[in-house]
Amino acid sequence: MVTLLTHIKVKPGKEAKWEAIIADMVKETFATEEGVLRYEYWKGQEENLYYCLLAFKDKWAFYEHQMSDHHESHDFADVIEDIRLEYVDPVEGASTQLGATKDMEV
C-alpha cells in the first residue's frame, strides 16, 4: 500500500479552474483505476491551499495513476503554483483502514 498527502498551492485566480480539474480527476480515477483506495481533495484555511489524500494498493497503482490519460490530459502547470507530495503512514490504534506505505523495487 502507498498513502500520500499532497500539499498544493493554487495560483491566484485559478481556483475555479483547479476545482473543475480535480472534480474530473476524482471522477475518472474511480471510474478507470482498480488500484485506488482513497482519493479526495480538501481546501485548507490558507488562501489557495489544497490537500489531496491518496491511497493505492501499491506503488505500481500510484504510478499508473500518474501516467493515466486523465492525469496527463490536464494542464496542471497553468493552475499550480507549488506542490509537495508527502508519504504518510497510519499511527497504530489511531487511524482507519489504510496500511503502511511499502516501498517497492522499480
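All of the numbers you see were taken from the coordinates with simple rules; none came from a lab. In this text, all values refer to a predicted model and were calculated from it rather than measured experimentally. Note that each Cβ is placed from the backbone with ideal geometry, even for glycine, and that neighbours are counted across all protein chains shown.
Once you charge only the Cβ atoms, +1 for Lys and Arg and -1 for Asp and Glu, what is the size of the charge dipole of the chain about its Cα centre, to the nearest 20 debye?
Roughly 220 debye, rounded to the nearest 20.
With charges only on Cβ, +1 for K and R and -1 for D and E, what is the dipole size of region 30-72 about its Cα centre, in debye, rounded to 20?
Here region 30-72 has a charge dipole of around 180 debye.
How far is helix 15-32 tilted off the main Cα axis of the chain, in degrees rounded to 10, range 0 to 90?
So the inclination is approximately 40 degrees.
Here are some values of log10 I(q)/I(0) by the Debye sum over Cα atoms at q = 0.17, 0.18, 0.22, 0.24 Å⁻¹: [x] -0.83, -0.92, -1.27, -1.41; [y] -0.72, -0.80, -1.09, -1.24; [z] -0.80, -0.87, -1.16, -1.32. Which one was computed from this structure?
Evaluating log10 I(q)/I(0) by the Debye sum over Cα atoms at q = 0.17, 0.18, 0.22, 0.24 Å⁻¹ on these atoms matches [x].
Counting alpha carbon pairs within less than 8 Å and at least 6 residues apart, what relative contact order, in whole percent, applies to the chain?
The value is 43 percent.
With each run of n ≥ 4 DSSP H residues scored as -39500 (n - 2.57), what mean residue ellipticity at 222 nm is computed for the chain after dividing by its residue count and rounding to the nearest 500 deg cm²/dmol?
Taken over the chain, the calculation gives -9000 deg cm²/dmol.
What GluC sites (Glu not before Pro) in region 1-97 are in a loop by DSSP, with at most 10 other Cβ atoms within 10 Å of the Cβ?
E34, E46, E47, E92
Projected area of region 5-44, taken from the Cα convex hull and averaged over every viewing direction, in nm²?
Orientation-averaged projected area of the Cα hull: 3.2 nm².
For each pair in K17/K57; K9/K57; K27/K57; K14/K43; K17/K59, compute the distance between the two Cα atoms and list the pairs where it is over 23 Å.
Among K17/K57; K9/K57; K27/K57; K14/K43; K17/K59, the Cα-Cα distance tops 23 Å for K17/K57; K9/K57; K17/K59.
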